[in-house]
Amino acid sequence: MSVQDILSDRILLVFLGILFLYFTSHLAWLLWQSRILVEKIQDFLGRGGNERSFEEDSAGKSLSRAWTRYQQTFLEPQNKTEEEAEAYFTESAVVGGALNLRYWKAVPNLLVGIGILGTFVGLTLGISGFETQSVDSVRTSIEGLLSGMATAFVSSIAGMALSLTFNIFEK
């Protein structure tokens, strides 16, 4: 079975297309939203980050709860604290309000799931046309079985590869 035979399989192309579209659209959306969020936070910090600008800016809104909790640990009259700021300004506090972090952490699993679905569809298609009446029908059926297996494993490999790639960009 050659690469040309594998690429002529329509079902495989459908699964690869779904995987690729899902991957590219979600990666582009995540990178775009992340860039916007970083710009808003930089703008917020450039204005001095006072409490009034917290309320006016959407990036500040995602930080306001963390800032309020952190500010409550300040001791009067020096306005100092013994608490570490990183305990309050975590990833979820900084970007969690603007991005749905649970969803973005699930995208790689969804890519693998689509690939595994392609595996089962390919194996089912390969097995469904298998005939054992004669030697010639078995030989013909083996070609269909191998084609289905190619769909199965190529879609799984593609799903895993895109999942790993998305994880690299997401981190």
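What follows draws every value from the coordinates through simple rules; no lab data is involved. Because the structure is predicted, anything quoted here is derived from the model rather than measured. So basically every Cβ, Gly included, is an ideal-geometry build from the backbone, and we count neighbours across all protein chains shown.
Full extension of the chain segment joining E143 with L123 gains 5.9 nm, where the gain is 0.36 nm per residue of separation less the Cα-Cα distance.
Could you work out how much longer the chain between F130 and K171 gets when fully extended? Use 0.36 nm per residue separation minus the Cα distance between them, nm to one decimal. All intermediate terms of the calculation are to be shown ahead of the outcome.
Numbers: separation 41, 0.36 × 41 = 14.76 nm, distance 4.46 nm.
Taking F130 through K171 to full extension adds about 10.3 nm, to one decimal.
All other residues whose Cβ lies under 15 angstrom from that of S137 are scored, Lys and Arg at +1 and Asp and Glu at -1, for a net of -2.
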